[in-house]
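Trainee: Have a look at the structure that comes next, please.
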Amino acid sequence: MSRFFSPDSESNLLEKLVKNSLRSIDEGLYDVANFDHTHDTMSLTDNIRSMINIRKVPIITEVKFSSPSKGNIVDSQKVNPVNIANQMIRGGAIGLSVLTQKYFFNGSINNFIVIRKNASVPMLMKDIIVSENQIDCAKKIGADYVLLIKTVFDKNLAEASIEKFSEYSYRKGLNVLYEVHLENEFKEILDFKVGRNDLIGINNRNLDNLKIYLKTTENLLKKYDKGRNLIVSESGIENTEQIRYLKKAGADAFLIGTSIMEKAENISSKVKELVNSTSSY
């Protein structure tokens, strides 16, 4: 596979994240030929609609131990990822996002596998996907969703186009969470044929500089009609007041990682509090 950057070239954060994916591919971290956790693909969209119908907040929780913005969040050597995932589900999470990127995020394929074996909710393999190799891995380890970040494809940082990657995902029986941050990205994804079980995520974090701007979700939803698409607001969400604001802006569901992981000893209660933010409806 061709490489997009020379070792000595300067790059922004997104390019560094892509480099780390390429490095992980070269190191064979996604080669799981001997593992096959096949199952009927589960739908986050069904779970989101069900929660909305009973006036609860659809929360997708994220198992992550580190991030480029926060550094170390939780010492992965002192906690059990399965216990964390179980706490999230007990609190009412409708799905799990699990980091599989080793570098910057301290994620692992093994974390995903052990959680998948014990979890009965839809799961997203959270990674910077630039190769079909990663999509193959997602299917084998039991993912229901893969993340396709629009800007990665717009900057020609992946092996092929987002259209080809989405088609390949569908052929594998996987759903897609399309992630956008800019107006043009959102418009193009809305014009794109998004599958019934797919989701559009609006990332409130700028991947070039890591800054959080919660109004990103509001601004994009004011600019363009989301139609029948379900919108997931991502990044920077910490409390019920922010969920109320984002729900009013038009978000349907919320992907929350850091602020929940920081409550490592009381995760279930934190998730339950967010799920029950019904006064915003």
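The values are calculated or read from the model by the stated rules, or taken from the named source; none is laboratory data. Note that this is a predicted model, so its numbers are computed, not measured. So basically every Cβ, Gly included, is an ideal-geometry build from the backbone, and we count neighbours across all protein chains shown.
Trainee: Quick check: is even one residue across segment 105-121 modelled with pLDDT of 95 or more, in contact with a strand residue (DSSP E or B) (Cβ under 9 Å, 6 or more places away or on another chain), under 19 Å from Ile200 (Cβ atoms) and buried (at least 19 other Cβ atoms within 10 Å of the Cβ)?
Mentor: no
Trainee: Consider Tyr145 carefully, then state whether it is in contact (Cβ under 8 Å) with a residue 60 or more places away in the chain and farther than 21 Å from Glu15 by Cα.
Mentor: yes
Trainee: Let me ask something additional. Scan segment 43-90 for residues that are among the charged types (D, E, K, R), touching a Gly at 6+ places or on another chain (Cβ under 9 Å) and not in a loop (DSSP other than H, G, I, E, B) and jot them down.
Mentor: Of everything in segment 43-90, just one residue is among the charged types (D, E, K, R), touching a Gly at 6+ places or on another chain (Cβ under 9 Å) and not in a loop (DSSP other than H, G, I, E, B), namely Glu62.
Trainee: Related question: Go through segment 250-281 residue by residue and tally those that are closer than 17 Å to Arg205 by Cα, modelled with pLDDT of 95 or more and touching a Lys or Arg at 6+ places or on another chain (Cβ under 8 Å).
Mentor: Adding up the residues that qualify gives 0.
Trainee: Now for a separate question. Restricting attention to segment 226-267, report how many residues are out of contact with any Pro (no Cβ under 9 Å at 6 or more places or on another chain), touching a residue at least 12 places away in the same chain (Cβ under 8 Å) and of a type in the set (D, E, K, R).
Mentor: Matching residues across segment 226-267 total 7.
Trainee: When segment 23-42 is examined, which residues are found to be in a helix (DSSP H, G or I) and free of Cβ contacts under 8 Å to residues at least 40 places away in the same chain?
Mentor: Asp26
Trainee: Of the residues that sit in segment 37-64 and are surrounded by 16 or more Cβ atoms within 10 Å (Cβ to Cβ), of a type outside the set (Val, Ile, Thr) and touching a Lys or Arg at 6+ places or on another chain (Cβ under 8 Å), which one is nearest to Gly173 (Cα to Cα)?
Mentor: Step by step, filter segment 37-64, then rank; the result is Glu62.
Trainee: Any chance segment 189-203 includes a residue that's modelled with pLDDT of 95 or more and of a type in the set (D, E, K, R)?
Mentor: Yes; the residues of segment 189-203 include at least one that is modelled with pLDDT of 95 or more and of a type in the set (D, E, K, R).
Trainee: So which of Asn86, Asn72, Asn80 is without any contact (Cβ under 8 Å) to a residue 24 or more places away in the chain and surrounded by fewer than 21 Cβ atoms within 10 Å (Cβ to Cβ)?
Mentor: Going through Asn86, Asn72, Asn80 in turn, the sole match is Asn80.
Trainee: Take the residues of segment 1-25 that are of a type in the set (Asp, Glu) and modelled with pLDDT under 50: which is nearest to Ala158 (Cα to Cα)?
Mentor: So the residue we want is Glu10.
Trainee: Find the residue count for segment 236-259, including only residues that are among the acidic types (Asp, Glu) and either in a helix (DSSP H, G or I) or surrounded by fewer than 17 Cβ atoms within 10 Å (Cβ to Cβ) (or both).
Mentor: 2
Trainee: Continuing with this model, one more query. Looking only at residues in segment 29-51 that are modelled with pLDDT under 95 and under 20 Å from Ser120 (Cα atoms), which one is nearest to the chain's Cα centre (by Cα)?
Mentor: Per the criteria, the residue is Thr41.
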